[in-house]
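The values are calculated or read from the model by the stated rules, or taken from the named source; none is laboratory data. Values in this document were obtained by computation on a predicted structure and should not be read as measured data. When we count neighbours, we look across all protein chains shown, and the Cβ atoms used for this are built from the backbone with ideal geometry, even at glycine. Note: areas computed on protein heavy atoms with side chains; ligands, DNA, RNA excluded. Shrake-Rupley method; radii C 1.70, N 1.55, O 1.52, S 1.80 Å.
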Amino acid sequence: MFTALLTFKKNVDTTLTDGSSFNASMQTSPASMINQYKFEEDADTKDIFVTVDNPESHVTAIETYITYRVMTKTTRSEFDSSEFEVRRRYQDFLWLKGRLEEAHPTLIAHPLPEKFVVKGMVERFNEDFIETRRRALHRFLNKIAEHPIFSSSEDFKIFLTAASGELTSHKKQGPGFLSRMGDTVKAVAAAVRGVRNRPQEFTEMQEYVEAFSQKISSLDKVTQRIVREQKEYLEELKECGPTYALWSQSEEELAEPLKNVAGCVDRCCKETEEQVKNLSDHLIPVLHEYVLCADTLKAVLRRRDNIQADFEAKTEALATKKADRDTMRNDLDKAEDRLEWANNALKSDWTRWQKVMRTDLRSAFVDTAERNVSYYEKCLAVWESFLHSQRTDAEGNGKVDFS
Amino acid sequence: VQDCILLKKMEISVAEAEKRTGKNAVNMQETYTVYLIEMRPVDAASEGTNPVPDSLWRRYSEFELLRNYLLVTYPFLVVPPLPEKRAEFVWHKLSADNMDPDFVERRRVGLENFLLRVASHPDLSTDKIFYSFLTEENGWKETVFETGFQAKADSRLKALNATFRVKNPDKRFAEMKHYGDELQSVISQLLRVRARAADRLYGVYKVHGNYGRVFSEWSAIEKEMGDGLQSAGHHMDAYAASVDDILEEEEHYADQMKEYLFYADALRAVCRKHELTQYELEMAAQDLTSKKQQREELATGTIRTFSLKGVTSKLFGQETPEQREAKLKMLETQIEEGEELVKERNAECEEFVKSAWVDIERFKEQKDHDLREALISYAIMQISMCKKGIQVWNNAKECFSKM
């Protein structure tokens, strides 16, 4: 299945990267291309595994930066070997994402962690920051690897396999600065023009994305607030144990149960601390990524709109202008194909994205619920052991009635 | 003695609370709460007959009057404390308003507890003023004042003076006083810390209510995920609401702690009274010694102690034998009286130490038992809270997995 798509894609890649022109010498018709854009997902036959780990700091005369080890294991035939290990820095990831988006403006790429933003005194080389970023980069590459189109991108392959020097020279090969400027100008012009006859389904998509963006942002904020409140609760709880311990020092008969309670409170504190960490490490990053996803979706819809606007402009031009009709007709055909292409790509990837989103968020929330259950179970055990110790003590002394 | 304990014969309860308005001592309109005290014979319930209980209404100030009477009349007993006059150690949810229904309810329970404590005390339960407090609504106040107890009260200044100047207080009482100080300090700290933690915990739970709202809104834009989200949202709402019951139960625990906070004060009062009786004994003994010394000097003609008389006699000549004879006679009388006084005070002191120590031992046992029970009930509360948490998050997990 993949091989057919690959041969097809190889041609598409080279034509799309050198600008907006569509290779008119394509053997296959747009219609058949559209058919081949149907993503058949064989989730069980995952043939590529990527990990991002082992951050290391590099110091040069000019700058200090972090690289991450990217390891790939694969059985795909287009790879020369089955295992690769390279080191990449954040810039390289940014480059990869840019290339993928350029090649496929209306496909939905998973977001990268944000660039470092100076917030208060947080250091760029702070351990937590690096670890959070590492995890996000790992998820990014895995999402690319799982994407039927992105994963067969030549740029992706080079990213995973090329030595640093190779990668640098490959990066330089891309479309020149001027041609990229040309694209930007065209995009701005299209955006300014605006799209006239947006199909209903894309309008619905946009409305959904707006609403989704709001909801996921809210969830992100709510979760962050819960973490804050939990941390403040923890601060107060930390004082309870020592107070019971202090009290036990003044007592005789009560010393043992008081010390015991102090111990229980301290253990619950530890569990609460872990629970807070879990929320921060597991749920928040996922929610945050989907906030960024919402932005990606908005960008994708904008790009699609621009492609349509470009087509509409060219249609109008053909209708009104008299000169150069052949060139304009040619341009219009290309624009039309591009639009059809873009729309179908988006429609298919939209379905795929919704499935992935659903899976990701469902498992993130299920995971959170499981961790909360586990937290309460651990605290429960702590207090039950206290009761048990008091019970055996009391039965020994014949004192307390537990009825 | 055991048979005289009132509680064995009668069931006492503070059944209700009601608001009243009336004119106070300075003829101004005021609103206050009255509490209904009910008493019925223990046997009545078991016999199956259900006679109407004797009942009367009392307000908080009357309880205070009763307690003050008991404090003055039985200074060698650790007199049970009243519930607090004003709400202290509050966290944000509880209002500090005396008219707040929750506060009134907790006060009702505290007042009942006070009566039960007094009625089960071997000595206090036999007190006639206490009995008429329970049985004679009108004229009780006058009866109390007629006992003249207020005149017997030690002034604060007198007590403070004794505390500073006493030379040989019983070691056990000194230790008890120190213990009372420590108990008061540590329970205050515990109550403060607990109140702050309760405040924070409230915040954590309530923020989860926001999840409920956002899930509900989000479910409106999703097709397959809608149902799972919606029902998960309901569980989040339930979780947020559950904190109210949790904290109400904890308030009861706090009240148990508060009782012993105030008991610490009662304990210290007994120790202070011991210091006072001991001091008065020491003063009487000191006075006797000095009078004996004066007699000796007068008899032998030597002046060992400095006295104005001695100096003037040196300056102005010795007194006549008749004058000396008269003085000696007076001193003899004073010494006789002094010895009586010392005997009396010594007996008082011994009596006080004996009775007080018996009650302190009784109090110790009661305290150890009650506080141990309180700690156990705290553990049970925590367990209940954990079980609720497990249930809610398991339910939520099920809903999430249907997303």
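Check cross-link reach from A:LYS314 to the aspartates and glutamates: straight Cα distance under 13 Å, and skip same-chain residues fewer than eight apart.
Partners within reach: A:ASP324, A:ASP326, A:ASP331, A:ASP333, A:GLU336, A:ASP337.
Carbon and sulfur: what percent of chain B's accessible surface (1.4 Å probe)? Don't skip to the answer; put the middle values down first.
Values: 10830 of 21100 Å².
Carbon and sulfur atoms account for 51 percent of the accessible area of chain B.
In whole percent, how big is the carbon plus sulfur part of the accessible area of region A:193-394, probe 1.4 Å, protein atoms only?
Numbers: 4320 of 9210 Å².
For region A:193-394, the apolar C and S fraction of the accessible surface comes to 47 percent.
Over 32 Å between Cα atoms, which of B:LYS171/B:LYS329; B:LYS167/B:LYS364; B:LYS343/B:LYS367; A:LYS298/B:LYS223 qualify?
Result: B:LYS171/B:LYS329; B:LYS343/B:LYS367 exceed 32 Å.
Once B and A are treated as a pair rather than alone, how much accessible area drops out, both sides summed, in Å² to 100, probe 1.4 Å? The partial results should precede the final answer.
Details: alone 23790 and 23330 Å², together 41760 Å².
Separately minus together, B and A give about 5400 Å² buried.
Along Cα→Cβ, 7 Å out, is where each label goes; now give me the distance between the ones at A:GLU256 and A:ASP333 in nm to one decimal.
9.5 nm
Give me the extension gain from A:SER77 to A:THR168: residue separation times 0.36 nm, minus the current Cα-Cα distance, reported in nm with one decimal.
Difference between extended and current length: 30.3 nm.
Got a number for the accessible area of A:THR161? Probe 1.4 Å, square angstrom, nearest 10.
Accessible area of A:THR161: about 40 Å².
Considering only Cα-Cα distances, which of the following residue pairs are longer than 22 Å: A:LYS46/A:LYS157; B:LYS128/B:LYS258; B:LYS273/B:LYS354?
B:LYS128/B:LYS258
For region A:45-174, what % of the accessible area comes from carbon and sulfur atoms, probe 1.4 Å?
Within region A:45-174, the accessible surface is 51 percent carbon and sulfur.
Using the beta-carbon distance between A:ARG89 and A:GLU154 and R0 = 25 Å, what value does 1/(1 + (r/R0)^6) give for FRET efficiency, to the nearest 0.05?
Numbers: r = 21 Å, r/R0 = 0.82.
Efficiency, from the Cβ-Cβ distance: 0.75.
Under the rule of -39500 (n - 2.57) per DSSP H run of 4 or more residues, summed and divided by the residues of chain B, what mean residue ellipticity at 222 nm is obtained, to the nearest 500 deg cm²/dmol?
That comes out to -25000 deg cm²/dmol.
Show which lysines lie in cross-link reach of B:LYS388 when reach means a straight Cα distance below 25 angstrom and same-chain residues fewer than eight apart are skipped.
Result set, ordered by chain and number: A:LYS231, A:LYS238, A:LYS270, A:LYS277, A:LYS378, B:LYS93, B:LYS206, B:LYS397, B:LYS402.
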